[in-house]
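Contents: one structure, followed by commentary.
The values are calculated or read from the model by the stated rules, or taken from the named source; none is laboratory data. Since this is a predicted model, take the numbers as computed values, not measurements. In this analysis, Cβ positions are derived from the backbone assuming ideal geometry, glycine residues included, and neighbour counts consider all displayed protein chains. Only protein heavy atoms, including side chains, enter the accessible area calculation; ligands, DNA and RNA are left aside. Shrake-Rupley method; radii C 1.70, N 1.55, O 1.52, S 1.80 Å.
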Amino acid sequence: MAQKFQNYIDGIWCDSSDGEHFENRNPANWDDIIGHFPLSTAADVERAANCAAEAFKSWRLIPAPHRGDICRKAGDIMLRRKAEIAAIMTREMGKTITETLGDVQEGIDTAFYCATEGRRLFGYNTPSELPNKLNLSFRVPVGVCGLITPWNFPMAIPTWNIFPGLVAGNTFVFKPAEDTPHTANILVEILIEAGLPKGVLNIVHGAGEVVGAAITEHPLIRAVSFTGSTKTGRIVAQACGKLTKHVCLEMGGKNAQIVMLDADMELALNGVLWGAFGTTGQRCTATSRLILHEDIHDTFIQQLIGRAEKLKLGDGSIEGNDVGPIINQKQRENIERYVAIGKKEGAICVLGGERAEDGDLKKGWFYKPTIFTGVLPNSTIAQQEIFGPVLSVIKCNSLANAIEITNSVDYGLSSSLYTKNINDALLAVRDIEVGICYINAPTIGAEAHMPFGGVKSTGNGHREGGWAVFDFYTEWKSVYLDYSGHLQRAQIDN
Ligand code: ADP
């Protein structure tokens, strides 16, 4: 009998208001039912938003260093439970244990980073234009925040938001992805153990169109952070716009790795192998385009195929497997649709291009690492996000040409350049239109204390991670303290 899980609202674990639930299955073996989770309603969001608003009244008054202490304790607990959480995460979303351990570690890093940020959260003071007057400006929390997350980083992405948001004094209504509700509940358990007061963090499971939409439409929720597809992000932004909410969007990518003639080939091969097929290509920063200088193209591709062929597909919980399954049936069908389009548009599929169904693999949503060569920069598989282990290889003839191709997509999340030429490296850093740029490293590998996000259709100008995330989770309050004892009129009396 599969386990039954609950929402957490106002400090109480509870079912959805109408008692409905949904099933969560292991993508590597769909006979394996992880549990049943509440299929919540707008009424559950209403309750969660109300109690988060109530909890905000006292949470905002707790000194930020103390709020930071709760993050530190949460980090300690995550460290203690690291292996257990990684196993749970691999079971529900498929990536290998090595990768899920990394995902948990990112949460731990964020916890410790945010803990100390509670003792900074710096404001500004500045001279007044009038005598005997003090100008200060400091950060205040936004209020109740909604958090809508995807399934590919089930611990890292929620913690990037929840820890800084809490330190800044906000309370939360959190809706995790339908495919990774178990890891999300573990995060809630951790924060309860760390001493978070009731009502400060509420989790409401369920469908995006119901629970997610209710979060975007609830007037008490003043800010919404969303990570997911560009299509859904636009819906979220529109709903939030109507109520003038803060909205932080982290959406798609079409990330390129450029390899120039003078690159260290071994390094570049390892980079693209990890960037394109790590997490089964299901990262928003995954390498989905490889831009190769034409003079090294054939040799590089030959070696890349040789290495990619050796990647071992299978259940991510089994040691030795390199590539896990696709998250669900819908997503595997989406990949199949793009592969068919690639073939139709004339690209050459030199590896993969089909499901992996040998032995136990047929019980899960496996898809072979796939490489297309002869891809034209403006073709569908070079332009649209596929979110799977599909690499489109494009030829270039110079750095300027490579940068032009890199920038020819709507997205602008991550990109990388392999070269030994320092001038080329700095030109690329200057001219590639992305939020995250790597030199001699793959397109994946963000660190928790650096700003994370992208330009163009990837985002809307906000950043998660590092110090930059506090710009989203706080408002500025400007304070003028006049100790002159008489009326002083700015712009008039000075
Ligand atoms: P994916 O294709 O990876 O499922 P989505 O962008 O659809 O990406 O989902 C990301 C998150 O957004 C999930 O938690 C999902 O439930 C939620 N979501 C989906 N539709 C909506 C919506 N209309 N409003 C708010 N959230 C939504």
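Filtering the stretch 21-44 to residues that are loosely packed, with under 15 Cβ neighbours inside 10 Å and more than 26 Å from Asp315 (Cα to Cα) leaves only Ala43. Residues in the stretch 192-232 that are more than 16 Å from the chain's Cα centre (by Cα), within 11 Å of the ligand (Cβ to nearest atom) and open to solvent by 50 Å² or more (accessible area, probe 1.4 Å): Glu209, Val210, Glu217. When Val144 is tested against (1) more than 14 Å from the ligand (Cβ to nearest atom); (2) over 20 Å from the mean Cα position of the chain (by Cα); (3) among the aliphatic types (A, V, I, L, M); (4) surrounded by fewer than 24 Cβ atoms within 10 Å (Cβ to Cβ), exactly one condition is not met: (4). Of the set (1) over 24 Å from the mean Cα position of the chain (by Cα); (2) exposed (fewer than 15 other Cβ atoms within 10 Å of the Cβ), all apply to Met450 but (1). Residues of the stretch 147-191 that are away from the ligand (no atom under 16 Å from the Cβ) and without any contact (Cβ under 8 Å) to a residue 60 or more places away in the chain: Glu189 alone. Candidates are the residues of the stretch 460-494 that are free of Cβ contacts under 8 Å to residues at least 12 places away in the same chain and closer than 30 Å to Met251 by Cα; the one that is most open to solvent (accessible area, probe 1.4 Å) is Asp471.
Take residues that are hydrophobic (A, V, I, L, M, F, W, C) and at pLDDT 95 or above and tell me which of the strands (runs of 3 or more DSSP E) falling wholly in the stretch 55-160 contain 2 or more.
Numbers: elements: 124-127, 133-141, 144-148.
Once the strands (runs of 3 or more DSSP E) in the stretch 55-160 are filtered for at least 2 residues that are hydrophobic (A, V, I, L, M, F, W, C) and at pLDDT 95 or above, what remains is 133-141, 144-148.
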